[in-house]
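What follows is one structure encoded as structure tokens, with my remarks underneath.
The values are calculated or read from the model by the stated rules, or taken from the named source; none is laboratory data. In this text the structure is predicted, and so the values were computed from the model without any measurement. In this analysis, Cβ positions are derived from the backbone assuming ideal geometry, glycine residues included, and neighbour counts consider all displayed protein chains.
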Amino acid sequence: MGVTPDTAEVIDAPRPHQAYSNAPELRREMHQVLALGAERDGRQVRPVSGPPVDATAAERVWLLRRAALMDRMALDDPGPGPVGAAAQTAEELVLHDRRHPGLVAGPHHPDAITLDPSRRPYVRQEYAAWTAAGRPGT
């Protein structure tokens, strides 16, 4: 839950079970996120099956899926390491979305959800919106 800086309205981000209801099983998602990272870094060639990929959108998908994976892992193990990793990857998504606001999928800009400094509610909003939109950019 957060507050918009201009209006102080309360914003409800999806609860984890709602945001990740259609997410792959953690182990499978971990492998897929690692593969996306390898493609991103040039360590693995992207299969050529479909239209060319927009690099900025592909970067965002990787950031989003990685942040969601870390959030889910922190929900399973709320220790300082997993929670810190979830907050760090969420912040990386927020920074990307500030630079590319046209890629924000959910109803609220990344700075609208401010009560939770970890930015994890923003990740949940964006993952749920991305899933609802049919996982564009993958």
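Looking across G42, G81, one residue alone is of a type outside the set (D, E, K, R), modelled with pLDDT of 95 or more and farther than 20 Å from R15 by Cα. It is G81. Inspect all residues belonging to region 85-101 and state whether any of them is at pLDDT 95 or above, polar (S, T, N, Q) and either assigned to a helix (DSSP H, G or I) or at positive phi (or both). Checking region 85-101: at least one residue is at pLDDT 95 or above, polar (S, T, N, Q) and either assigned to a helix (DSSP H, G or I) or at positive phi (or both).
One residue stands out among those in region 110-135 that are under 13 Å from the mean Cα position of the chain (by Cα) and part of a loop (DSSP other than H, G, I, E, B): the one that is surrounded by the fewest Cβ atoms within 10 Å (Cβ to Cβ), which is R135.
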